[in-house]
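Please treat every number below as a calculation from the coordinates, not as lab data. As the structure is a prediction and not an experimental result, all values here were calculated from the model. Here the Cβ is made from the backbone with ideal geometry for all residues, glycine too, and neighbour counts use every protein chain on show.
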Protein chains: 2
Amino acid sequence: MTHPASQLDDIVHQRLRLGILAILVEAQEADFRFLREQLLVSEGNLSSHLRVLDEAGLVEIRKGFEGRRPRTWIRATDAGRASLDREVAALRELVARLDAANGGPPAS
Amino acid sequence: MTHPASQLDDIVHQRLRLGILAILVEAQEADFRFLREQLLVSEGNLSSHLRVLDEAGLVEIRKGFEGRRPRTWIRATDAGRASLDREVAALRELVARLDAANGGPPAS
């Protein structure tokens, strides 16, 4: 049996992309500025990770205006939600194995 | 408040390095071949991730022999264990937020 880390997918697992998808699943839709603030990431870095997710079909990006201000809205696609579900299932398994090795989760 | 993904550290979060540290914390010590089998990873790729962890002081690598066969043993340092603990704490928080947004963890 292989380790759960072998099931993780680099597209979704990369920490900022994981954060983007997690926020979009919580919030249904988020704008570019909100993602930047939540993830403490530069504009260029966020753009490049959004491009990876968009090209993989995991997010949809919509550009529009609010009043005269340009805004960019991002939401997860069904494939994006499914990818995040698989990622989270593998993370749960990884954490459960560590907890078992440590005799249970830490007291909180 | 920022998202827990902003607290993840790329050195430990990268999926193979996360797998390596998780295995080492479960197993105390592992050899190179065991890590390769558990993580389904090429020799070159495993070597390069071990080098990153070694240079960050998170693992110790010991080369020796078993009979006449050369073997490479790897173990986590105290800093490696502490880094994995921080990573797992951030992952737990990320998963808990998603569960809260979904009305609880999935039935298992």
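Summary of values
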read-out: Cβ pairs under 7 Å, 6+ apart, first in segment B:36-52 and within 15 Å of A:GLN7 (Cα to Cα) and in contact (Cβ under 8 Å) with a residue 60 or more places away in the chain, second loosely packed, with under 14 Cβ neighbours inside 10 Å and among the basic types (Lys, Arg); value: none
read-out: Check on B:VAL88, touching a residue at least 12 places away in the same chain (Cβ under 8 Å) and not acidic (Asp, Glu); value: no
read-out: Within segment A:1-17, tally of residues that are among the β-branched types (Val, Ile, Thr) and part of a helix (DSSP H, G or I); value: 2
read-out: Selection from segment B:52-67 of residues that are among the small types (Gly, Ala, Ser) and more than 20 Å from B:HIS13 (Cα to Cα); value: B:GLY64, B:GLY67
read-out: Qualifying residue in segment A:65-76 (condition: closer than 30 Å to B:LEU16 by Cβ, surrounded by 17 or more Cβ atoms within 10 Å (Cβ to Cβ) and more than 11 Å from the chain's Cα centre (by Cα)); value: yes
read-out: Residue in segment A:6-13 that is at the interface with chain B (Cβ under 9 Å from one of its Cβ atoms) and in contact with a Leu (Cβ under 6 Å, 6 or more places away or on another chain) present; value: yes
